[in-house]
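The values are calculated or read from the model by the stated rules, or taken from the named source; none is laboratory data. These figures come from a predicted structure and were not determined experimentally. Every residue, glycine as well, gets a Cβ built from its backbone with ideal geometry; the counts of neighbours run over all protein chains shown. The accessibility values were calculated without ligands, DNA or RNA, using every heavy atom of the protein model including side chains. Shrake-Rupley method; radii C 1.70, N 1.55, O 1.52, S 1.80 Å.
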Amino acid sequence: MDQNGMADPRKRDREEEAPPVTFDSICRAAALIQGQIIETPCAPSRTLSQITGCEVILKFEIFQFTASFKERGALVKLLSLTPEERARGVAAMSAGNHGLAVAYQARRLGIPVLIVMPRNTPNIKVEQTAAFGAEVILEGSGVEEAGVLAQKLARERNLSFIHPYDDEKVIAGQGTIALEMLRAYPDLEVLIAPVGGGGLLAGLAIAAKHLRPAIEIIGVESVRFPSMAQALQSLTVECRPPTMAEGIAVRQPGRLTLPVIRRLVKEIVLADEGELEKAVLLLLEVEKTVVEGAGAAGLVPLLQKNRRFQEKKVGIVLSGGNIDLLILSSIIQRGLVRSGRLVRLFIAIRDIPGALSEVTRLLGEWGANIIEVHHQRTFTTLPLQTTEVEFVLQTRGIPHFKEILRKLYQANYPIRLADKDLSKNN
């Protein structure tokens, strides 16, 4: 990009001249890491297939020891270092999963490691990275700022820098996922994966297109960080943090990955925050699998209201499962609200003994579980001797809640719904 944020044609030429990652280098990477990483399950999802109308095949990279695909590329890169480079140590920048992977594999190999992470990195990733013995420094609001410090310290300390995506060894390592998927399901028609800097998507595309030229490769990134989609269109890169998909919140695509993706990837789909939340919640409910926002992004295109994947065999990489528990809790609660299983309403009752117990008795008879109750006597326009009671209820879903509302109206209780909680569903 030039100073105005536009694509530089000379840079395009340099990108095309960059030494390519080949199918052979991916096969060598697979042989190199065999037995040192987990060949994760690749299995169909009957329920997701019924929901989406296509045959869904899930690749569970969340079952790697550090819960993400990043171990593959990190290990390939670490194994390529000379004994002298290993003794000096390595440095990396990371939004979380790359740092975890480098720290874990470096500890296995006895290599000192320094990881610089953005200050907003989820605590679970920071704590686990430090637990693997890495020196962890928090710097900047994103991967790019963290990378500036990581590279500076690498130069000062004479450490080998391991880039999270713009490195041939790393890209080759990530491409080994496609070898496993197509070995298990050689008739895959579509392969979908999240994309940030592009290391995973580029590696998958090189391997998959070699084995099955007709396969469609689709990338998914957050609509708040559409850097790859914009770079492919030679547009100014504009990002709008924050996003729950911090693992793919990258402002600058890779120099090595961009030309590969331009050549081999059919489309980059943009996912909004609501779609990412829905994907995380659906995987939790259906697959009983905890996946982070970036890791669940591959499911989003199948949930968008179109029929482009109907009756096709679609492989999805669940790339990471390191989600902060507070974020996961919020997603679950918000999902319950959207589905009508957690609702809020205000009921006006007479301010006399027994009135509250009567309405709670009725709610119980009708199958509602009362989670919270709050009285409001002062800040209201209701007549004197009348109080408004706020109820938070657990129901069996929207039809059940509508039935409760109907019975309350029939019993002559004035009702007010809160903040249009169910406006999208009524």
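Values as computed for the structure displayed
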read-out: Computed [θ] at 222 nm, helices only, for the chain once each DSSP H run of length n ≥ 4 contributes -39500 (n - 2.57); value: -13000 deg cm²/dmol
read-out: Largest-first ordering by accessible area, 1.4 Å probe, given options F379, F401, F63; value: F379, F63, F401
read-out: Spherically averaged projected area in nm², based on the convex hull that wraps the Cα atoms of the chain; value: 24.6
read-out: Over segment 173-322, relative contact order from alpha-carbon pairs under 8 Å, at least 6 apart, %; value: 29
read-out: Around P226: net Lys/Arg minus Asp/Glu count, Cβ-Cβ under 14 Å; value: -3
read-out: Stokes-Einstein translational diffusion, segment 182-264 - Kirkwood Rh over all Cα pairs, 1.306 mPa s, 10 °C, in µm²/s; value: 120
read-out: Approximate spin-label separation K402-F63, in nm, with each point projected 7 Å along Cα-to-Cβ; value: 4.1
read-out: DSSP beta bridges in the chain [antiparallel fraction, %, rounded to 5]; value: 45
read-out: Out-of-range pairs (alpha-carbon distance over 32 Å; input K70/K278; K59/K152; K169/K305; K77/K209); value: K59/K152; K169/K305
read-out: E311-D24 pseudo-label distance in nm [points 7 Å out on the Cα-to-Cβ vector]; value: 4.2
read-out: Simple Cβ-charge dipole of the chain, Lys/Arg +1 and Asp/Glu -1, about Cα centre, in debye nearest 20; value: 560
read-out: DSSP-assigned coil residues among trypsin sites (Lys or Arg not before Pro) in segment 94-186, each with at most 15 further Cβ atoms within 10 Å; value: R119
read-out: Compactness of segment 55-184 as Cα Rg over 2.2 N^0.38 Å, two decimals; value: 1.03
